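Okay, so here's the structure we're looking at.
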Amino acid sequence: MNRQTFAWNRSRNKLRQEIRWIEFLSKAGLFLAALVLFSINLGNLPLQADEQTVSQVAKEIASAPFDSLRWLFPTLQEQPYLERPPLVHGLIALVYSLAGSNEWTTRLPGAFLAACSVPLLYSLGREIFAARMPSLFSAAIYLTLLPVVRYGRLAMLDGAVLCFEILTIVCIVRSRRDLRWALGIGVGLSLLGLSRGIIGVIVAAIALLFLAWDTPRLLSSGFFAIGALLGGAPALAWHAAQFLRHGKPFAEEMFGQYFKVIDGYAIGLSWHPLLEILKSSLPWLIFALYGLRLAWQERNWGWAKLLLVWIGVLLAIVSLFSTRHVGAIVPIYPALALAGGAALAEAIDKPVDRVYPRLWTIVLSLLTLVPIVVCIGFYFDVNFGAFVAIDYLAFLFLGALSLTWAVSAALLAQRSEQFILVLFWGMYVSWLLLVCSSHWIVFLN
C-alpha cells in the first residue's frame, strides 16, 4: 500500500529539489561575492566627514545607559540629532559595544546590509521575470555599479537604505499572490523610515502607484491595509514621538534637507540628478536605457510596470524639487540594474546573426580611454608637475578596467555574447583590485 504509484512523482520531487539547490547556491554565491567586495580593507582608511558624524552619534548611543533612551532620541555633541533616524546608528553602536570603536566596526553594519541587498535583488528578479537569466544579470550589474560599491563600503546609511528598499519591493511584488506579505511591506517601510525618513515615503508612493496600475484589487483589501499599517507602526510611532518632543525643527531638519538649494527651497526642473546618474552608472547605464525602452514596449507586463513606476517616480521627485542631495538619488540604482538585466537577457536571446546596438560598442570603446587618462593624471600631478605616489594596485585597477571595456567592445563588434561574461567578471575583479589598494576612497568619491 505504501508503494509509489506513479513514477513521475519522484521526478517532479527531484526536479524541485534541484531547483531549490540552484536557487540557494545562486543567492549564497552572490552574497559571498558581495561580502568580499564590501568588506575587504574596510578599516585601512580614516573616516570621511559624513562617516565621522555617524560614528559620533553611534558612540554617544553606545556610551549612554539604556534607560536614557539615547537610542530612541539620539544626540550629536550632546545636542539633539534631528538629521537622521537612529536605526543604523543604533546598529553601529551595538557593534561598538561588542568589538570596540574603529573604522572597521563603523563601516561593518552598512557593508553587511549592502551585501544582503545583492541576493535580495536576485530574489526580486526571480519574482518579476519569467526566467533566471535576467535575475542573475541584474544582480551582477547591481553588484558592480559604482554607487553600490561606494555606499556599500562607507558608513553613510545608504547601504542600509538600498537593502531595506529592495526588501520592501520584494514584499510588494509577493503580496500580489499572498496577502500575508503586506505585513512585510509595512516592516520594510518601517526600516526605511527609521534609516532615512523621506525615502520610506517615496517607496510607499512607488508601491501605491505600482499596485494601482498592476493589481488595484489589493488597495481595496482591508487585510492588506491592516498588515501594511501594523508593519509600518514603529516608524510612524518614532516620527510622532520626535515631533512631539522637538516640534517643527524636527520636521524641517528631517525632510527639508533633501529639497534645499542655495537660497532656501525651490521647485523647478534640475539636471543635477541626471548628471549624477550618468557619471556614476556607466557602462551599465547604456544597457539600462535599452531595458527601459523594452519595458515601455512591454508595459502590459508586471515587471515593466514596476520599473517604469520605480524609475519614473524617483526621477520626477529628485528633478522637480531641484535637490542636490545625492542620497535622494540612491534608490534608483536597483531599478536601473533590473532594467539592464532585462536588456542583456533579451540581447542574448536573439538569433545567431544578431546585431547588437551600435551605441553599446561606441560607448564601451570611448570608456576604454577614461582609465588611461585618469592613470596619466594620477601619475603626473597636473597642478604641480610632480609624481603622485599611488600604490600599484590602484594603477592595476585602472588597467583592468580599461582592458575589460576594450575586450567587451571588441566582442560586441564581433556579435559575441561572451562580452557579457567578460564585462561582469572584469568589472568585479577591477573593483576588487581597487578596494585592496590604499586609495579606494579617492577613486570611489
Exercise. Taking only C-alpha pairs under 8 Å that are 6+ residues apart, what is the relative contact order of the chain in percent?
Worked result: 15 percent
Problem set entry | Dipole magnitude of the chain about its Cα centre (Cβ charges: Lys, Arg +1; Asp, Glu -1), debye to nearest 20 | 1640 debye
Problem set entry | Lysine pairs with alpha-carbon atoms under 26 Å apart, the chain, spacing 8 or more or separate chains | 5
Problem set entry | Fluctuation leader among V95, V149, V170 - the chain, Gaussian network, Cα springs under 10 angstrom | V95
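Place the peptides 157-167, 360-370 in order of packing, highest mean first, counting for every residue the other Cβ atoms within 10 Å and averaging per peptide. Before the final figure, lay out the partial values.
Working: 157-167: 27.5, 360-370: 17.1.
Per-residue Cβ counts within 10 Å, averaged per peptide and sorted highest first, yield 157-167, 360-370.
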Exercise. Using a Gaussian network model of the chain with C-alpha springs under 10 Å, which one of A99, A335, A345 is most mobile by mean-square fluctuation?
Worked result: A99
For this session: Enumerate the amide H contacts of L76 below 5 Å, restricted to partners 5 or more residues apart or on another chain; note that Pro and chain-start residues carry no placed amide H.
Result: Y81
Seminar exercise, completed: Rounded to whole Å², per residue accessible area for the chain with a 1.4 Å probe reads 47 Å²
Problem set entry | Share of carbon and sulfur in the accessible heavy-atom surface of the chain [1.4 Å probe, %] | 67 percent
Problem set entry | GNM flexibility winner over the chain from E23, E103, E60 (Cα, springs under 10 Å) | E23
Problem set entry | Answer label, with log10 I(q)/I(0) by the Debye sum over Cα atoms at q = 0.08, 0.11, 0.14 Å⁻¹ calculated from the coordinates and candidates [x] -0.50, -0.94, -1.45; [y] -0.52, -0.95, -1.32; [z] -0.78, -1.05, -1.29 | [x]
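The values are calculated or read from the model by the stated rules, or taken from the named source; none is laboratory data. In this text, all values refer to a predicted model and were calculated from it rather than measured experimentally. Using ideal geometry, Cβ is built from the backbone for each residue, glycine included, and neighbour counts are taken over all protein chains shown. Note: accessible area is taken over every heavy atom of the protein model, side chains too, but ligands, DNA and RNA are not part of it. Shrake-Rupley method; radii C 1.70, N 1.55, O 1.52, S 1.80 Å.
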